[in-house]
Amino acid sequence: MFLCDIHSHSKISHDSKAELFDTAQAAIDAGLQEFCVTDHCDLLGLEGEPVTGFDWPAARAQFRAVKAELGDRLTLRLGLELGSAVSDPDEARAVLAQGGDELDFVLGSIHNWIGMEGNLDFYFSDFHDNLALARRAVESTLDHTWTLAAKLPDCYDSLAHIIYPLRYIHRDGLDLTLADYEERVRAIFTEVAKTDHAMEVNVCRGKDIAPWPPLLRWFRECGGRLVTVGSDAHRPEDVAKGIPQALDMVQAAGFDGVATFAGRKPILHKF
Ligand SMILES: [Zn+2]
Ligand SMILES: [Zn+2]
């Protein structure tokens, strides 16, 4: 089995203090063959403020230095987790263009309310006893994810953690899944499959396993072919957490292999 983890963060992200060398070393220690750093570029900040640009000089310098130091011990890729591209497509495209040829992989994320609730990251919403708010969060995420998939396919390679708002809905004690939204999720997956993009199984450092089997089944039934896996580690000790389970789920769902990306082109590693 090809072991890879292509969703991780370093100190270039606002919410991580990790040195890329340390996360890459953790990847080697976990037996990974391929690892990708995907630092945040959220066009809406945590508190909903518009953000422009990404610190490519710092990201590139860090990537080049660590890659040189690792040599052939690990295939290290340079990625980006681009959040809320739908809120400012021109800026999203400018950031990606500045990434240049060295950019291997783009995760497309929705972390925020967009156009409501102050554009806050869902992390800041209080879903306790508020199923109506939770439902609005899921519906907003699915609406904007559909727009990303259908209108801005050049702004992502793999659809990151489609279950993102559920992290905080479950944190606040509500029991909601995407089962009630099957039709809308399938519409998104059909767009993703049609353009031969990928969906991500994001296991959130080993915490999110249960939601994925039905989503993988729907994606495959919608014609999906490419699946990426990520731990979403923000610290070296979380690298690869949940990745073996993620790969098992992808295989059990009937996919031919797991995908990674180089130069924004998919590579399928067969099971
Ligand atoms: Zn994310
Ligand atoms: Zn992330």
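The values are calculated or read from the model by the stated rules, or taken from the named source; none is laboratory data. Everything numeric here is computed off the predicted structure, so don't read it as measured data. As a convention, Cβ positions derive from the backbone with ideal geometry for all residues, glycine included, and neighbour counts pool all protein chains shown.
So Asp238 clears everything in (1) of a type in the set (Asp, Glu); (2) in contact with a strand residue (DSSP E or B) (Cβ under 7 Å, 6 or more places away or on another chain); (3) within 16 Å of ligand 2 (Cβ to nearest atom) except one condition, right? Which one? If we test Asp238 against (1) of a type in the set (Asp, Glu); (2) in contact with a strand residue (DSSP E or B) (Cβ under 7 Å, 6 or more places away or on another chain); (3) within 16 Å of ligand 2 (Cβ to nearest atom), just (2) comes out false. In the range 184-204, the residues that are at positive phi form Cβ pairs under 7 Å with partners that are within 16 Å of ligand 2 (Cβ to nearest atom) and assigned to a helix (DSSP H, G or I), at six or more places apart or across chains, as follows: Cys204/Arg167.
For Gly71, the conditions (1) within 18 Å of the chain's Cα centre (by Cα); (2) free of Cβ contacts under 8 Å to residues at least 40 places away in the same chain; (3) on the phi > 0 side of the Ramachandran plot all hold with the exception of (1). When the range 12-52 is filtered for residues that are within 20 Å of Leu96 (Cα to Cα) and basic (Lys, Arg), nothing remains.
Scanning the range 154-200 for residues that are under 20 Å from Asp39 (Cα atoms) and in a helix (DSSP H, G or I), we see that the one that is farthest from ligand 1 (Cβ to nearest atom) is Asp154. Looking only at residues in the range 65-94 that are under 13 Å from Ile12 (Cβ atoms) and more than 16 Å from ligand 1 (Cβ to nearest atom), the one that is surrounded by the fewest Cβ atoms within 10 Å (Cβ to Cβ) is Ala65.
Against the conditions (1) under 20 Å from the mean Cα position of the chain (by Cα); (2) modelled with pLDDT of 95 or more; (3) away from ligand 2 (no atom under 16 Å from the Cβ); (4) assigned to a loop (DSSP other than H, G, I, E, B), Gly48 satisfies every one except (2).
Here is a check on your reading of the model: is Gly223 of a type outside the set (Lys, Arg), surrounded by fewer than 20 Cβ atoms within 10 Å (Cβ to Cβ), in contact with a His (Cβ under 7 Å, 6 or more places away or on another chain) and outside any helix (DSSP H, G or I)?
no
For the range 98-153, residues that are within 16 Å of ligand 2 (Cβ to nearest atom) and hydroxyl-bearing (Ser, Thr, Tyr) total 4. Based on what the data block shows, is Tyr181 under 22 Å from Leu120 (Cα atoms), hydroxyl-bearing (Ser, Thr, Tyr) and modelled with pLDDT of 95 or more? Taking the combined requirement at face value, the residue does not satisfy it.
Looking at the range 19-39, which of the residues that are within 12 Å of ligand 2 (Cβ to nearest atom) and either touching a residue at least 60 places away in the same chain (Cβ under 8 Å) or outside any strand (DSSP E or B) (or both) is farthest from Ala252 (Cα to Cα)? Residue satisfying both the conditions and the ranking: Thr38.
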